[in-house]
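Taking it in order: structure first as structure tokens, then the write-up.
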Protein chains: 4
Amino acid sequence: MSMPARLTGVIPPVCTPLTPEGEVDTHSLLKLVDHLAGAGVDALFVLGSTSEVAFLTDTRRRTVVETVTAHLDGSLPVLAGAIDTTTPRVLAHARTALAAGADAVVATVPFYTRTHPAEIDRHYRLLAEHTGAPVVAYDLPVAVQTKLDPDVVLSLAADGVLTGLKDSSGDQAALREVITAAIPGFSVLTGSELLVDTALLMGADGVVPGLGNVDPHGYVRLFRLCAAGDWDRARTEQERLCNLFAMVDVGSADRMGRGSSGIGAFKAALRLRGVIDHATTAEPQIPLSDGEVERVAKYLAAAGLL
Amino acid sequence: MSMPARLTGVIPPVCTPLTPEGEVDTHSLLKLVDHLAGAGVDALFVLGSTSEVAFLTDTRRRTVVETVTAHLDGSLPVLAGAIDTTTPRVLAHARTALAAGADAVVATVPFYTRTHPAEIDRHYRLLAEHTGAPVVAYDLPVAVQTKLDPDVVLSLAADGVLTGLKDSSGDQAALREVITAAIPGFSVLTGSELLVDTALLMGADGVVPGLGNVDPHGYVRLFRLCAAGDWDRARTEQERLCNLFAMVDVGSADRMGRGSSGIGAFKAALRLRGVIDHATTAEPQIPLSDGEVERVAKYLAAAGLL
Amino acid sequence: MSMPARLTGVIPPVCTPLTPEGEVDTHSLLKLVDHLAGAGVDALFVLGSTSEVAFLTDTRRRTVVETVTAHLDGSLPVLAGAIDTTTPRVLAHARTALAAGADAVVATVPFYTRTHPAEIDRHYRLLAEHTGAPVVAYDLPVAVQTKLDPDVVLSLAADGVLTGLKDSSGDQAALREVITAAIPGFSVLTGSELLVDTALLMGADGVVPGLGNVDPHGYVRLFRLCAAGDWDRARTEQERLCNLFAMVDVGSADRMGRGSSGIGAFKAALRLRGVIDHATTAEPQIPLSDGEVERVAKYLAAAGLL
Amino acid sequence: MSMPARLTGVIPPVCTPLTPEGEVDTHSLLKLVDHLAGAGVDALFVLGSTSEVAFLTDTRRRTVVETVTAHLDGSLPVLAGAIDTTTPRVLAHARTALAAGADAVVATVPFYTRTHPAEIDRHYRLLAEHTGAPVVAYDLPVAVQTKLDPDVVLSLAADGVLTGLKDSSGDQAALREVITAAIPGFSVLTGSELLVDTALLMGADGVVPGLGNVDPHGYVRLFRLCAAGDWDRARTEQERLCNLFAMVDVGSADRMGRGSSGIGAFKAALRLRGVIDHATTAEPQIPLSDGEVERVAKYLAAAGLL
């Protein structure tokens, strides 16, 4: 599928089901894709943080893109993360993903190295120039240490270098600044599961919710209620999803990091819902205990999903 | 060369000379290796931060290791960085580097993802188990956001999982804690160019100075003075090197990040000293201006190196 | 005035006009109070960050509270900041403010010292116990380094220790968590000038906008539009205020901190609007230049305020 | 006593013994002063972070200075912390301390507010101008969020605004930069208990060790060994003190902050050694448990102090 004029709606960052040995479980991946597409989402984002992209070898990354694009066969746009430290390495991932059928690439600012706004600007210009593909900037300071400056984003958007922004910075004031600039053809997406209604109230174009793997129908409903201006019912739906999202903290902070807990919870929920076969997460993440998985089941039940 | 029983002495993190097109300039790389070996360094560390490892594609990384190990042919131990976000990706780099002739691998804690001490412990255990090679932990919180906990290091060292620590954390009190534990066979190396005498006074085994590319003779002299307990002359040599190190700030903070400035200065100095052919740095780093390069020349002259 | 059952509406953090010598300009302070009260605000918050409380000596702090409470004579509730490092020092300020007529005190978590959640809990319990007055928690991590944990807030609220929360953390997801818990009698106020409509959509009770000094009518209008569920017109009003808020960045980052620029801009705007006599800010803040003040005037003109 | 031409040697930051009710225990305070003076320290620093200055009301702060200066009657120089958020408030404390007999004041950069180097420069110039007393800059980023820039320090030192620097930043490279500049009459003191030998090797003038309350004889010995160039024996003494210092972590991180644990340990040790009557710490700090105090006793025994 070629990309739409402007990305809008619900675009889940697709989890990567793994076999117990840590390989991509393509069977489960396609069941997950069908689960999402069947709920009416507007596009898919593979190889984002929620996909455990930082844990996937190059081979596994390519497998993910190829598997999803071949299955969808153009029925939905596929964005692919090209997540690595700097321009030459990101470019390598972007080329692979595009060759494997992705419609657009999503890239953070450089990380590991210390970055200047002029270098960030150069980074995205080189990515756009050398791929010739739509590039979405991914603002994720929790992972890359650097908040993407709204002024840099808007300048790149105005020059047609960037197609969109996926904002997972948590900085709603900066997000609003980018939204209200209203650059033609530029799409602003929030990555927050918890603030969809407010982002859409401000004028955001869409949402990329990790929790959308677990409850895509909920996010599709929420988006449509907001689009219809039915803010009261939207808030009710959003609060239900907030309660469900609390599952990301089931993992004991004494035993594991928040990543292990959050991704572990999403995968446990997908397995409990029968969408994927294994809840395996990649090394060196710590698996949830049986008791923690039981708590995930309670969250699902409370949200009417089990 | 097999690794020595304990890594000691001066182990420069070797810069990666690049052609103007951004490819590895193997001719210059070998001249640099000869420059370092000729000064009497004790081992080489390739694919560290100073090598711009974060900017090198997989192909270029492999070229660096192969070029250096083939040239040295066992005359010096070669440590290779395996720098990537998580265990599966680090393992892939480690295997490639070892196959290309490296004697040991150097790895940071996971980054991009949020990490728990239990996951860090698991990370290093998996690396050691799956490579069967000596593993040196690389503590670089400025790049990876996480300070490596001395307790975790000491536990991994006591279990024989880690062969050494390269400490670039800037936390001299934590460094002292690891040094004074004095784990048999475990080597503690400081990555600070500016605190070599004080680290050796505390009992560190060696030093991995980026500035050692530019003035390896200075660091070899400094190490020998400290080893001989001649602390007064050591301090004088150290202060000369501190003055030289100030070159890393020649690049205007208005135009570039500190990485661009520091690596740019080292490469400019190596070119001015006739060791490498081009001062090119990798994208998206910003090159030094002519005036900034002139200031590098002044630092070299003041240190008696031009 | 005794406090209302629940704090709601617009509660500006009142600027502290100063004479050129740095004393409290009580004449201007009262003009500012009348300006705010005349616009229909619901309460006043003196000695908050916007008041330069961190720059006011104890004597000047007392003068502010006495001046305002005597003038209002119970016509509006007056909240007073008790801003200091730890419990004993905060208590001293709280007692002074209450003796001077304040209706409630607003206190941050301890700062300068490193703080544990158990100490924060103890801090607020001691403040409530020893003052016997309503205590509002002030979440301002940019000033005090510590984000106030929603779980701690909710526990203190449920126990009747806290009367309300002023959230200036920028963390809208955490704010939502506190709001949706809906503790009876507990008031949740946002300190963000830029996210009022979204906070009220989530169910917040009120807003404490520094920019409300400059344009209290705008915030009163915005609050009423939100209360009426007229989200489209609310958004338009909010965006006008966002554009006006950009004045906080008029001060050159080469010459001054963001505090100097922001408070300087608010005071320049108040002087330009004829509300206060001097735009003096406290030492060691850097004054705006004439050119920077002219830019403030342009912001006012663009917002229809000059 | 007037101040010496240059502050050197061991200058302990004096703990503030408290009664169980939280008032200054002046009897114990004087016993502690005698304990320190008797060990041969070179000056005393009251109202520093180790004194719990952030927890002491103004009245208690004044009591501390008056009690100590009256007792010493000029036999040792007394430096007093003037710890508060900004210039006007710091000035008020400085004037009180000087009137109460202090010989010099020690002040951090502004905190709570966001600070620019130009404001820091202005802050210290105003303090020096308005007190007419020696001013020592206190670099403590863990408390005040801002690292004091070596360039700002050196400029203020060269202009005679600052008499010295107490460096508790942990940044040994920046400390070295200030030391090697060797401004005439300007004294550089390290606040690190664990890096005294290395700081003196670099050329520092003295040390301000919180642990010096517990073992002043140890620090006096360490300083003299370093001054004599006996670095081997100095290192042995330093390592003994490092082992002793580990007491600061006896308090459970589940129950309290690191401040509560560290100050609690020092006070418990002083009580166990018979120097002070109560180990009370100020609110809202959490007291050590009996078991934790027993562990303090073991540290003392291991260091030969019980």
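What is the number of the single condition among (1) within 19 Å of C:Thr180 (Cβ to Cβ); (2) among the aliphatic types (A, V, I, L, M); (3) under 17 Å from the mean Cα position of the chain (by Cα) that A:Ile263 does not meet?
Every condition holds for A:Ile263 apart from (1).
I'd like to check which helices (runs of 4 or more DSSP H) are fully inside the stretch B:72-149 and have at least 2 residues that are open to solvent by 10 Å² or more (accessible area, probe 1.4 Å) and over 26 Å from A:Thr59 (Cα atoms).
B:117-131, B:141-144
Among the residues of the stretch C:230-277, how many are in contact with a Lys or Arg (Cβ under 6 Å, 6 or more places away or on another chain) and within 15 Å of C:Thr198 (Cβ to Cβ)?
So the answer is 1.
Here is a check on your reading of the model: is C:Leu194 open to solvent by 10 Å² or more (accessible area, probe 1.4 Å), outside any helix (DSSP H, G or I) and closer than 24 Å to A:Leu175 by Cα?
yes
If a residue must be open to solvent by 20 Å² or more (accessible area, probe 1.4 Å) and in a helix (DSSP H, G or I), how many such residues does the stretch B:218-248 contain?
Number of matching residues: 17.
Applying the selection to the stretch D:39-60, what residues are within 14 Å of chain C (Cβ to nearest Cβ), in contact with a Ser or Thr (Cβ under 9 Å, 6 or more places away or on another chain) and open to solvent by 10 Å² or more (accessible area, probe 1.4 Å)?
Correct list: D:Ser49, D:Thr50, D:Phe55, D:Asp58, D:Arg60.
Filter the stretch C:175-191 for residues that are open to solvent by less than 10 Å² (accessible area, probe 1.4 Å) and out of contact with any strand residue (DSSP E or B) (no Cβ under 8 Å at 6 or more places or on another chain) and give the result.
If the condition is that a residue be open to solvent by less than 10 Å² (accessible area, probe 1.4 Å) and out of contact with any strand residue (DSSP E or B) (no Cβ under 8 Å at 6 or more places or on another chain), then C:Arg176 is the only one that fits.
So, B:Asp139, is that one acidic (Asp, Glu) and within 18 Å of the chain's Cα centre (by Cα) or not?
yes
Select from the stretch D:150-174 the residues that are of a type in the set (A, V, I, L, M, F, W, C) and either in a strand (DSSP E or B) or within 14 Å of chain C (Cβ to nearest Cβ) (or both) and list them in ascending order.
Within the stretch D:150-174, D:Val152, D:Leu156, D:Val161, D:Leu165 meet the criteria.
If you scan the stretch B:5-42, which residues turn out to be part of a loop (DSSP other than H, G, I, E, B) and on the phi > 0 side of the Ramachandran plot?
B:Gly22, B:Gly40 - these are the residues of the stretch B:5-42 that are part of a loop (DSSP other than H, G, I, E, B) and on the phi > 0 side of the Ramachandran plot.
Give the number of residues within the stretch D:263-290 that are buried (at least 24 other Cβ atoms within 10 Å of the Cβ), part of a loop (DSSP other than H, G, I, E, B) and touching a residue at least 60 places away in the same chain (Cβ under 8 Å).
So the count comes out to 3.
Considering only residues that are of a type in the set (Gly, Ala, Ser), under 21 Å from B:Ala303 (Cβ atoms) and within 13 Å of the chain's Cα centre (by Cα), which ones fall in the stretch B:188-236?
Those that are of a type in the set (Gly, Ala, Ser), under 21 Å from B:Ala303 (Cβ atoms) and within 13 Å of the chain's Cα centre (by Cα): B:Gly191, B:Ser192, B:Gly210, B:Gly212.
Within the stretch B:231-245, take every residue that is polar (S, T, N, Q) and within 9 Å of chain D (Cβ to nearest Cβ) and give me the one that is nearest to B:Leu201 (Cα to Cα).
Checked the stretch B:231-245; the qualifying residue nearest to B:Leu201 (Cα to Cα) is B:Gln238.
Pull up the stretch C:97-121, narrow it to residues that are hydrophobic (A, V, I, L, M, F, W, C) and under 14 Å from C:Leu148 (Cβ atoms), then point me to the one that is farthest from the other protein chains (Cβ to nearest Cβ).
Selected residue: C:Val106.
Name the residues in the stretch B:249-262 that are within 12 Å of chain A (Cβ to nearest Cβ), without any contact (Cβ under 8 Å) to a residue 40 or more places away in the chain and either open to solvent by 30 Å² or more (accessible area, probe 1.4 Å) or of a type in the set (Val, Ile, Thr) (or both), would you?
B:Ala253, B:Asp254, B:Arg255, B:Arg258
Which of the residues belonging to the stretch C:197-217 are open to solvent by 10 Å² or more (accessible area, probe 1.4 Å), of a type outside the set (A, V, I, L, M) and closer than 25 Å to C:Phe266 by Cβ?
Correct list: C:Asp205, C:His217.
Only one of these is free of Cβ contacts under 8 Å to residues at least 40 places away in the same chain and aromatic (Phe, Trp, Tyr): D:Tyr112, D:Tyr138. Name it.
Going through D:Tyr112, D:Tyr138 in turn, the sole match is D:Tyr112.
Looking only at the stretch C:67-96, how many residues end up being within 14 Å of another protein chain (Cβ to nearest Cβ) and either in contact with a Pro (Cβ under 6 Å, 6 or more places away or on another chain) or in contact (Cβ under 8 Å) with a residue 24 or more places away in the chain (or both)?
12
Please verify whether B:Phe223 is in contact with a strand residue (DSSP E or B) (Cβ under 8 Å, 6 or more places away or on another chain) and hydrophobic (A, V, I, L, M, F, W, C), treating the condition exactly as stated.
So B:Phe223 fits the description; yes.
Give me a count of the residues in the stretch D:1-38 that are under 20 Å from D:Phe223 (Cα atoms), open to solvent by 10 Å² or more (accessible area, probe 1.4 Å) and small (Gly, Ala, Ser).
Looking only at that region, the number is 3.
The values are calculated or read from the model by the stated rules, or taken from the named source; none is laboratory data. In this text, all values refer to a predicted model and were calculated from it rather than measured experimentally. Please note: Cβ atoms are built from the backbone with ideal geometry, for glycine as well, and neighbour counts cover all protein chains shown. Just so you know, the surface numbers come from the protein's heavy atoms only, side chains and all, with ligands and any DNA or RNA stripped out. Shrake-Rupley method; radii C 1.70, N 1.55, O 1.52, S 1.80 Å.
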